[in-house]
Amino acid sequence: MFEEYLTSIENQNIFAIGVTVLFFIMFVLISIWTFRINKKYIKDMENLPLDKK
Amino acid sequence: MSNSSTENFALEKFSYDNKIVRDFMVATLVWGVVGMLVGLLLAFQLVHPALSFNLQYTTFGRIRPIHTNAIIFAFVGNAIFMGIYYSLQRLCKARMFSDLLSKIHFWGWQSIIVLAALTLSLGFTSSKEYAELEWPIDILIALVWVIFAINFFGTILKRRERHLYVAIWFYIATVVTIAVLHIVNSIEIPVTLFKSYMVYAGVQDALVQWWYGHNAVAFFLTTPYLGLMYYFLPKAANRPVYSYKLSIVHFWSLIFLYIWAGPHHLLYSALPDWAQSLGTVFSIMLIAPSWGGMINGLLTLRGAWDKVRDSAILKFMVVAVTAYGMATFEGPMLSLKNVNAIAHFTDWIIAHVHIGALGWNGFLTFGILYWLVPKLYNTDLYSKKLANFHFWIGFLGILFYAIPMYWSGITQSLMWKQFTPEGILQYPNFLETVLQIKPMYFIRGIGGLFYFAGVIVMVYNLIKTAKQGSLIAEEEAEAPALSKTYSETIKPKAIFARHRILERRPVQFMLLSLVLVLIGGLVEIIPTMAIKSNIPTIASVKPYTPLELQGRDIYIREGCLGCHSQLVRPFRSETERYGEYSKAGEYVYDHPFTWGSKRTGPDLHREGLKYPNLWHYLHMDDPRSVSPGSIMPPYPWIHRQVLDISTTEAKINALRSVGVPYEIGYEKIANTDLQQQADIITKDLQKQGLDITSDKEIIALIAYLQRLGTDIKPK
């Protein structure tokens, strides 16, 4: 049944292009997020395993 | 973490469960030894076929999946659980959610491993690499994984630490993705208690399998180990990770990209071109986040390299992270079509995966064990000298393993492709290419022996360490409870400063990871499921006859595809050697696909009608009687055992339910057809002077081998 629906999808390359674009958007957002993170917060986080106060 | 919003709360006393960590640690050691021992046996079987002991339970085809499953799911699997149960409790400042679930998880996982070893040895296999286990065990795996997931997320939900450290993100991605992969790749129709057919066929099955197979590497051998690296490397070096920011970027990029790369296992195959290209592009892009992890690991030791000289633990970890970097550079290179054309199906791939398994997984596990066991037993390591000895013999072991395999892989490939000036194959007999690399197989075995010796020394060292200390089963700890209401002490300036909000919301975090993984999975798989447009059907391709079908199941049972591919690639060197290249439409009734991934022996897709029935009969009984020097084990039991035809009806029914066009009612007369075809082959063999009856398994196997690839051969 699903195959019937799927065969009707045209131009399947759009999947590949679409998701590559999606990846770059995500990558840019994450990078911007990351570089704006507060330094104290980063210091706290990276010391978590070491249990340093 | 010092968190100003929690500091005002009273300290709560609790204890960490170290006993479950100890249990998984012991299981890691036991299954590591077993898995590597089976690996050694396999290595030397390729030099001395007599080492299969003429027993069906110990032949190469059956024990190869025991080795791979034991290393991946038993050795590495238990090491993952050991590391997660130790680090998660501490990073969450909470005991595991439920001691009972921890125990069920532990014993459930160990029973799966035992069942796996038994059933694989008995020949119950789906033949899908790293997912060979039959359907009852698949269900058990899903149940145990759910129990682990409940215990895992339960611990996170009752944590006393507001934010989730990066290691936990990697664990979350692992728990979620493995569940998805396992379920999708295990959708099969049961025929009997230990036999099932995949719902997918041919090219679709190949794509689903390598989407699974590649991501088993990604989300079982990589992401959980990166999580362990992010916890245990800073612990061992006593310094924070080099760049926490880098870890955020590389985490999201890695889990987004990894899921796409599966089709690089199927380059030049009958898979549609666009899917192959997608696999290559995303594999190349993967270098960046993979190396992000490696750089983060290695630079954590910046300014502390003097410690590496003295500490065996850090030595193991540095080599592990370096091996990770090498394997994750080599992987994308192997996914380039021109490199893949040379490397695929050869020992190069065996070298590549062992750089990952011996270097990355093995050495990181050893480093963690040497750090962890003294902590669990409140003592010092019994012998640093022995640990250093282990490091060097293990390191030599990796070199002695990998270098001969690279050498052998390239030699094979060059010999397979070598033409004479007249334009004919220089080595038309495949066996010549095998005999050429036999010494390499021997040296590889020695490398494995070195590595194994190191592991035995480690086991001794750790037992002595445990004996000189005493287990701290309950490790006391205290931390303030989390406040129900939480406000950021530092207000995010903008929407872009909100990643940390995600880090304190595990459920949302899990869902986002799941969505990313599903996007990759769906986009990769859905278009190929559109079978009509992607896989041209071929009118002359017909379903297997009942006898061929039974023969095919024997082929699967004996693990023939561990050494023989069924995929002729569109290269002149391959069409000259084997015949017409393989078409997607030829596999539409193959549940499961049997392309294989390695050519220790020749490709068999065009084997049908190449040799007389007698040749196959003699070859299976004693390969060296017709191919002097062959390293294939003998299969004498197939000549003795009576074919079980009681399953024919159920098999026809099951295959029809997944789309193979057997006519309704055919299952009732299938065994009559089976008998007729068996009689024809038997009479032919009897004419050659053989004393044989038509009810033996070998007759079915010959029927299948003679059918292979003949559908599109001109009659």
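The values are calculated or read from the model by the stated rules, or taken from the named source; none is laboratory data. From a predicted model like this one, the values you see are computed outputs, not experimental measurements. Glycine also receives a Cβ, built like all others from the backbone with ideal geometry; neighbour counts cover every protein chain displayed.
Scanning segment B:46-88 for residues that are of a type in the set (Phe, Trp, Tyr) and under 19 Å from B:Gly35 (Cα atoms) gives B:Phe53, B:Tyr57, B:Phe60, B:Phe73, B:Phe75, B:Phe81.
The listed residues are B:Leu358, B:Leu364, B:Leu372, B:Leu435, and the only one of them that is in the same structural domain as B:Gln468 (by TED's automatic domain parsing), surrounded by fewer than 23 Cβ atoms within 10 Å (Cβ to Cβ) and not β-branched (Val, Ile, Thr) turns out to be B:Leu435.
Could you list, in sequence order, all residues of segment B:455-486 that are among the acidic types (Asp, Glu) and within 27 Å of B:Phe366 (Cα to Cα)? Those that are among the acidic types (Asp, Glu) and within 27 Å of B:Phe366 (Cα to Cα): B:Glu474, B:Glu475, B:Glu476. There is no residue in segment B:505-514 that is assigned to a helix (DSSP H, G or I), out of contact with any Lys or Arg (no Cβ under 6 Å at 6 or more places or on another chain), within 11 Å of chain A (Cβ to nearest Cβ) and modelled with pLDDT under 80.
Among the residues of segment B:368-387, those identified as out of contact with any Ser or Thr (no Cβ under 8 Å at 6 or more places or on another chain) and not small (Gly, Ala, Ser) are B:Ile368, B:Tyr370, B:Trp371, B:Leu372, B:Lys375, B:Leu376, B:Lys384, B:Lys385, B:Leu386. The set of residues in segment B:648-665 that are of a type in the set (S, T, N, Q) and buried (at least 17 other Cβ atoms within 10 Å of the Cβ) contains only B:Thr648. When restricted to residues that are touching a Pro at 6+ places or on another chain (Cβ under 7 Å) and within 30 Å of B:His214 (Cβ to Cβ), segment B:53-78 contains 2. The residues on offer are B:Val191, B:Val208, and the sole one that is at pLDDT below 95 and outside the structural domain of B:Ser582 (by TED's automatic domain parsing) is B:Val208.
One residue stands out in segment B:675-709 among those that are hydrophobic (A, V, I, L, M, F, W, C) and more than 18 Å from B:Tyr544 (Cβ to Cβ): the one that is surrounded by the most Cβ atoms within 10 Å (Cβ to Cβ), namely B:Leu685. Among helices (runs of 4 or more DSSP H) entirely within segment B:130-225, having at least 3 residues that are within 14 Å of chain A (Cβ to nearest Cβ) and closer than 30 Å to B:Ser483 by Cα singles out B:166-185. When B:Ala94 is tested against (1) closer than 18 Å to B:Ile141 by Cβ; (2) crowded, with 19+ Cβ neighbours inside 10 Å; (3) at pLDDT 95 or above, only condition (1) is not met. Within segment B:558-565, identify whether any single residue is assigned by TED's automatic domain parsing to the domain that holds B:Thr672, free of Cβ contacts under 8 Å to residues at least 12 places away in the same chain and of a type outside the set (A, V, I, L, M), and answer yes or no. Checked segment B:558-565: no residue is assigned by TED's automatic domain parsing to the domain that holds B:Thr672, free of Cβ contacts under 8 Å to residues at least 12 places away in the same chain and of a type outside the set (A, V, I, L, M).
Note on segment B:375-411: residues that are over 30 Å from B:Trp348 (Cβ atoms) and either part of a helix (DSSP H, G or I) or without any contact (Cβ under 8 Å) to a residue 12 or more places away in the chain (or both) total 8.
Restricted to segment B:234-262, and to residues there that are within 9 Å of another protein chain (Cβ to nearest Cβ) and of a type in the set (A, V, I, L, M), the residue that is nearest to A:Phe23 (Cα to Cα) is B:Leu257.
Could you check, for segment A:17-24, whether at least one of its residues is facing chain B (nearest Cβ under 7 Å), touching a Leu at 6+ places or on another chain (Cβ under 8 Å) and modelled with pLDDT under 85? Yes, segment A:17-24 has at least one match. Of all the listed residues (B:Tyr197, B:Tyr268, B:Tyr258, B:Tyr230), the sole one being within 30 Å of B:Leu381 (Cβ to Cβ) and not polar (S, T, N, Q) is B:Tyr230. If the condition is being of a type in the set (Phe, Trp, Tyr), under 23 Å from B:Phe194 (Cβ atoms) and part of a helix (DSSP H, G or I), then segment B:632-677 contributes only B:Trp637. Residues of segment A:42-53 being at the interface with chain B (Cβ under 7 Å from one of its Cβ atoms), in contact with a Phe, Trp or Tyr (Cβ under 9 Å, 6 or more places away or on another chain) and either not acidic (Asp, Glu) or not in a helix (DSSP H, G or I) (or both), which ones? Matches in segment A:42-53: A:Ile42, A:Met45, A:Leu48, A:Pro49. B:Ser111 meets all of the listed conditions (1) in a loop (DSSP other than H, G, I, E, B); (2) surrounded by fewer than 18 Cβ atoms within 10 Å (Cβ to Cβ); (3) of a type in the set (Ser, Thr, Tyr) but one, namely (1).
Scanning segment B:313-346 for residues that are aromatic (Phe, Trp, Tyr) and more than 15 Å from B:Trp360 (Cβ to Cβ) returns a single hit, B:Phe345.
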